[in-house]
Amino acid sequence: MIKVEGLTKEYGGARVVDGLDFEVAPGVVTGFLGPNGAGKSTTMRLILGLDRPTAGRALVDGRPYAGLDRPLRQVGALLDAQALHGGRTARGHLRWLAASNGLPDRRVDEVLDRVGLAGAAGRRIRGFSLGMRQRLGVASALLGDPPVLILDEPVNGLDPEGIRWIRTLLRGLAAEGRAVLVSSHLMTETALTADHLVVIGRGRLLADAATSDFIDRHGRTRIRVRAVDPVRLAALMQRSGLDARPAAGGAWEVTGATAESVAALAAADGVVLFEIAVHQDSLEEAFMRMTADSVEYRAVAA
């Protein structure tokens, strides 16, 4: 697993990562979320030994990354799909990585086939699209068949088929017992992929919870109702004392109540309903509400 303890990083007196504590467990896809500038990429760099922490530590299977003898066999990472030598071929790029960690050449063709780049193995990377570079980055992460994977925005640049492929891949890797940490700004995709969430803002831990628990805690549940007689429904909602607001099509949306209590109220007043539905906030809505005070770069509405 990955274990982060009191992890802190300062640049020029500014604290980018501030005392983070969390774990990434095996057998689970952990989504790593936060607004722009929250410190996600810096945290990943600290875990991978690319930056030195000001305080605290990050461990992979109980050891700092720098202390791993064959790191590709223990941790696979994708931080920047653009950071590739454009003059190398896809196969050439993976072959030198394999050689650096004592991996057999056969692994190169195995991972190229797994990510769908077998037909482009001999092409120069400079001619690759962003989506192809992402696939090559994932191939690099899988090269050593590691038990831990760290991926920063792996779906960036992928088409819908590629996004679905990444989702299936990550869930499959976790099902094999691997620890998977993946950051993303695509909330809908994260909701479909991640079992657990670690959310940070301004370098601090905001949430560490199962995805479903996070949505339940920070999202809202709304009851949407419509009646045969919208005038009677409106009168009922206005005098009911419920947190009710009018919606499109003569409907009303009620928060802070259950569908059963709203239906019972309507029945007691003789209001005939023909629609009553429960709407739960999405992960995106829950995330936006929860991190509203942690957004560092906010555009001004026109």
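Connecting C-alpha atoms closer than 10 Å in a GNM of the chain, tell me which of Ala139, Ala257, Ala175 has the biggest fluctuation. Fluctuation is largest for Ala257. Largest GNM mean-square fluctuation across Pro246, Pro147, Pro71, computed for the chain with C-alpha springs under 10 Å, falls on Pro246.
Can you pull out the trypsin sites (Lys or Arg not before Pro) in the range 204-241 whose DSSP state is coil and whose Cβ has at most 15 other Cβ atoms within 10 Å?
Working: sites: Arg204, Arg217, Arg220, Arg222, Arg224, Arg226, Arg232, Arg239; in loops: Arg220.
In loop regions of the range 204-241 (DSSP not H, G, I, E or B), the sparsely surrounded trypsin sites (Lys or Arg not before Pro) are Arg220.
By the equivalent-ellipsoid construction on the alpha carbon gyration tensor, the chain comes out with semi-axes of 46, 23, 17 Å, ordered largest to smallest. Evaluated over the Cα positions of the range 147-302, the convex hull gives a direction-averaged projected area, one quarter of its surface, of 13.1 nm². Geometric descriptor of the range 220-280, per residue, is 71 Å³ (volume of the convex hull of the Cα atoms).
Structural descriptor for the chain: relative contact order 22 percent, calculated from alpha carbon pairs under 8 angstrom and at least 6 residues apart. Expressed to the nearest 5 percent, the antiparallel share of DSSP beta bridges inside the range 114-234 is 55 percent.
Summing Cβ point charges (Lys, Arg +1; Asp, Glu -1) relative to the Cα centre of the range 2-211 gives a dipole of roughly 620 debye. For the chain, modelled as a GNM whose springs connect Cα atoms under 10 angstrom apart, the maximal fluctuation among Leu181, Leu283, Leu233 occurs at Leu233. Summed over all non-identical Cα pairs, the Kirkwood treatment of the range 162-210 gives a radius of 11.8 Å. In the chain, the DSSP-assigned H stretches of four residues or longer account for a calculated mean residue ellipticity at 222 nm of -10000 deg cm²/dmol, using -39500 (n - 2.57) per stretch and the full residue count as denominator. Full extension of the segment from Glu110 to Asp69, taken as 0.36 nm per residue of separation minus the current Cα-Cα distance, would add 12.4 nm.
Rule-based calculations on the coordinates, nothing more; no lab input. Keep in mind it's a predicted model, so treat the numbers as computed, not measured. Cβ atoms come from the backbone with ideal geometry, glycine included; neighbour counts cover every protein chain shown.
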